[in-house]
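The values are calculated or read from the model by the stated rules, or taken from the named source; none is laboratory data. Remember, it's a predicted structure, so these values are computed and weren't measured experimentally. For neighbour counting, all protein chains shown are included, and Cβ atoms are generated from backbone atoms with ideal geometry for every residue, glycine included.
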Amino acid sequence: MNDKQIADLIAAEEKRQREGLELIPSENYVSRDVLTAMGSVFTNKYSEGYPGRRYYGGQENTDKVERLAIERAKQLFRADHANVQPHSGAQANEVVYHSWCNLGDTILAMDLSHGGHLTHGAPVTILARDYKFIRYKMKDIKTGEIDYEQLRQLALEHKPKIILAGFSAYPRELDYAKFAAIGNEVGALLVADMAHIAGLIAAGVAKNPLDYGFHVITTTTHKTLRGPRGGMILSNGVVGNPLKAPEKTIENIPTLIDRTLFPGTQGGPLMHVIAAKAVAFREALQPEFKTYAEQILKNAKVLAAELERRGFQLITGGTDNHLILADVYKSFGLDGKIVEEVLDKIGLTLNKNAVADDPLPPFKPSGIRLGTPAITTRGLVEKDMATIAEWMKQAIEYRDDEAKLRALHTEVRTFALQFPLPSDK
């Protein structure tokens with residue numbers, strides 16, 4: 001690369017990733033094949049529209065790539081329809097809202113501080129201005145149980161157009177059957193945001209909301225799915241012509257979604273990213289991907305137990321999926337920002353995170369969020385989780401001792417270098 005400044009920064013980032021351990025549950029490492037597709041000549045091609053219905057010529061290869069991505073996604077998630085063009089999970093959510101709701105309509109979704117996502121109606125977002133969001137919460141943060149009776153009462157009172165099941169920082173599995181029963185009772189569109197657990201669902205180690213009567217799934221394609229950064233929308237129903245406005249019925253939801261995405265909210269898709277998505281979907285269809293997903297869950301449960309042994313108070317008391325949420329303010333009297341920064345110093349990367357009804361402000365919240373997808377990709381197994389938990393506890397304990405932190409960083413670096421990045425293979 002002739003741009004030395006950027007080349008040096010890429011090398012520095014690769015070094016950081018190689019010498020540290022990535023514990024942010026929404027991050028992962030992609031294979032060399034995914035990286036190759038991302039950096040391919042498909043980045044040169046403009047492909048407004050859908051396969052067979054493009055606005056520019058020269059689409060014989062892009063159509064084949066997108067159709068491959070679509071068919072592989074449908075196979076992975078047992079869906080009638082897949083739209084692989086969204087640039088992000090946030091955009092995927094917005095497209096579904098716009099396809100089904102009118103401005104001012106009501107959407108029932110998880111409260112941000114109880115595990116929801118910004119795009120689930122957080123007051124700081126534009127979406128919260130466009131729609132009326134009603135928020136449900138956990139009934140008991142010690143167990144993580146959702147207050148389904150409160151959810152039902154809110155649905156009966158507000159008659160939402162959409163009921164959204166999904167999360168960004170919730171360590172337990174949702175009861176999709178209860179969501180579906182409530183949604184069907186009030187005639188709501190059932191949408192699941194599975195961005196965090198898409199890989200677990202694809203591998204069959206977590207429940208698939210479509211099996212419980214959900215109409216739509218939105219997701220990212222990175223995180224546990226281990227693909228490029230991007231979004232996707234899966235749905236069941238009749239697939240029609242996206243250029244013709246269909247009636248607003250649940251059966252027509254795939255066409256409504258396609259039409260809302262293009263031409264409704266975006267122009268040309270990122271064909272190099274769609275090519276990389278297709279590669280990642282093929283990888284997720286292989287038997288070894290299920291073994292990987294099973295190991296994510298094993299590692300997460302052991303890491304949660306090891307953290308609890310060392311005094312970390314865990315929200316919901318543990319985990320059923322890939323992520324862990326700890327209240328470090330109650331545990332050690334520190335805010336999450338301090339803990340995030342001190343762990344960065346020793347090469348362990350995680351993120352500060354609010355906890356339920358957090359008394360501290362968003363940029364210095366009470367919690368930290370961590371998970372096991374990326375370290376599992378690197379090859380770590382259960383026996384390594386105690387080591388990570390101990391490093392975390394020691395870093396907090398010696399946070400003001402720079403010499404001790406440097407020594408811990410050396411330990412982490414030496415350990416991490418034993419595990420290659422997938423792109424090395």
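Please work out which one of (1) exposed (fewer than 15 other Cβ atoms within 10 Å of the Cβ); (2) within 25 Å of the chain's Cα centre (by Cα); (3) of a type in the set (D, E, K, R) is the condition GLU340 fails and give its number.
Here GLU340 meets the rest and fails (1).
Scanning the range 263-278 for residues that are modelled with pLDDT under 95 and either aromatic (Phe, Trp, Tyr) or closer than 28 Å to ASP33 by Cα (or both), which turns out surrounded by the fewest Cβ atoms within 10 Å (Cβ to Cβ)?
Once the filter is applied, the top-ranked residue is GLY267.
Does TYR56 satisfy being in the same structural domain as ALA206 (by TED's automatic domain parsing), closer than 15 Å to ALA275 by Cβ and part of a loop (DSSP other than H, G, I, E, B)?
Judged against the criteria, TYR56 is not a match.
Go through the range 371-425 and report how many residues are surrounded by 19 or more Cβ atoms within 10 Å (Cβ to Cβ) and aromatic (Phe, Trp, Tyr).
Matching residues across the range 371-425 total 1.
Name the one entry in PRO361, PRO365 that is surrounded by fewer than 16 Cβ atoms within 10 Å (Cβ to Cβ) and not acidic (Asp, Glu).
PRO361
For the range 389-403, does any single residue satisfy the condition of being in contact (Cβ under 8 Å) with a residue 60 or more places away in the chain, assigned by TED's automatic domain parsing to the domain that holds LYS301 and within 26 Å of the chain's Cα centre (by Cα)? Let's see the steps before the verdict.
Of all residues in the range 389-403, those in contact (Cβ under 8 Å) with a residue 60 or more places away in the chain come to 389-390, 392-393, 396, 399.
Subsequent filtering for residues that are assigned by TED's automatic domain parsing to the domain that holds LYS301 retains 389-390, 392-393, 396, 399.
Cutting the leftovers down to within 26 Å of the chain's Cα centre (by Cα) gives us 389, 392.
Yes, that holds for at least one residue.
Taking the stated definitions as given, is LYS223 of a type in the set (Lys, Arg), out of contact with any helix residue (DSSP H, G or I) (no Cβ under 6 Å at 6 or more places or on another chain) and buried (at least 23 other Cβ atoms within 10 Å of the Cβ)?
yes
For the subset of the range 87-107 comprising residues that are touching a helix residue (DSSP H, G or I) at 6+ places or on another chain (Cβ under 6 Å) and buried (at least 23 other Cβ atoms within 10 Å of the Cβ), which member is farthest from LYS142 (Cα to Cα)? Spell out the reasoning first.
First, the residues of the range 87-107 that are touching a helix residue (DSSP H, G or I) at 6+ places or on another chain (Cβ under 6 Å): 90, 93, 95, 98-99, 103, 106.
After this cut, where a residue has to be buried (at least 23 other Cβ atoms within 10 Å of the Cβ) as well, the list is 93, 95, 99.
Working: ASN93: 29, VAL95: 34, SER99: 37 Å.
By that ranking, first place goes to SER99.
Just name the residue that is farthest from the chain's Cα centre (by Cα) out of those in the range 100-144 that are closer than 19 Å to SER88 by Cβ and of a type in the set (Gly, Ala, Ser).
Within the range 100-144, the match that is farthest from the chain's Cα centre (by Cα) is ALA128.
Among the listed residues ILE182, ILE146, ILE163, ILE134, which satisfies the condition of being without any contact (Cβ under 8 Å) to a residue 60 or more places away in the chain, in contact with a Lys or Arg (Cβ under 6 Å, 6 or more places away or on another chain) and more than 24 Å from PHE262 (Cβ to Cβ)?
So the residue among ILE182, ILE146, ILE163, ILE134 that is without any contact (Cβ under 8 Å) to a residue 60 or more places away in the chain, in contact with a Lys or Arg (Cβ under 6 Å, 6 or more places away or on another chain) and more than 24 Å from PHE262 (Cβ to Cβ) is ILE182.
Surrounded by fewer than 22 Cβ atoms within 10 Å (Cβ to Cβ), touching a Leu at 6+ places or on another chain (Cβ under 9 Å) and either part of a loop (DSSP other than H, G, I, E, B) or of a type in the set (Val, Ile, Thr) (or both): does that describe ALA79?
In short, yes.
Would you tally the residues in the range 103-123 being of a type in the set (S, T, N, Q), under 22 Å from LYS159 (Cα atoms) and modelled with pLDDT under 95?
So the answer is 1.
List the number of the failed condition for PHE312; all other conditions in (1) surrounded by 21 or more Cβ atoms within 10 Å (Cβ to Cβ); (2) at negative phi; (3) under 23 Å from the mean Cα position of the chain (by Cα) hold.
Going through (1) surrounded by 21 or more Cβ atoms within 10 Å (Cβ to Cβ); (2) at negative phi; (3) under 23 Å from the mean Cα position of the chain (by Cα) one by one, PHE312 breaks only (3).
Tell me whether the range 244-255 contains one or more residues that are part of a helix (DSSP H, G or I) and acidic (Asp, Glu).
Within the range 244-255 (the criterion being part of a helix (DSSP H, G or I) and acidic (Asp, Glu)), the answer is yes, since at least one residue qualifies.
Could you list, in sequence order, all residues of the range 198-252 that are modelled with pLDDT of 95 or more, among the β-branched types (Val, Ile, Thr) and either outside the structural domain of LEU76 (by TED's automatic domain parsing) or over 14 Å from the mean Cα position of the chain (by Cα) (or both)?
VAL205, VAL216
In contact (Cβ under 8 Å) with a residue 12 or more places away in the chain, closer than 26 Å to GLY199 by Cβ, in the same structural domain as LYS404 (by TED's automatic domain parsing) and surrounded by fewer than 21 Cβ atoms within 10 Å (Cβ to Cβ): is that true of GLY347 in this structure?
So GLY347 does not fit the description; no.
Do you know which of the residues in the range 134-179 that are over 17 Å from ASP357 (Cβ atoms) and among the aromatic types (Phe, Trp, Tyr) is surrounded by the most Cβ atoms within 10 Å (Cβ to Cβ)?
Applying the filter and picking the extreme gives PHE179.
Is it true that ALA169 is within 28 Å of ARG78 (Cα to Cα), of a type outside the set (Asp, Glu) and modelled with pLDDT under 95? Working first, answer last.
Values: within 28 Å of ARG78 (Cα to Cα): yes; of a type outside the set (Asp, Glu): yes; modelled with pLDDT under 95: yes.
Spelling it out, ALA169 is indeed within 28 Å of ARG78 (Cα to Cα), of a type outside the set (Asp, Glu) and modelled with pLDDT under 95.
Does SER47 fit the bill of being among the hydroxyl-bearing types (Ser, Thr, Tyr), over 30 Å from GLN286 (Cβ atoms) and crowded, with 23+ Cβ neighbours inside 10 Å?
Considered against the rule, which asks whether it is among the hydroxyl-bearing types (Ser, Thr, Tyr), over 30 Å from GLN286 (Cβ atoms) and crowded, with 23+ Cβ neighbours inside 10 Å, SER47 comes out as no.
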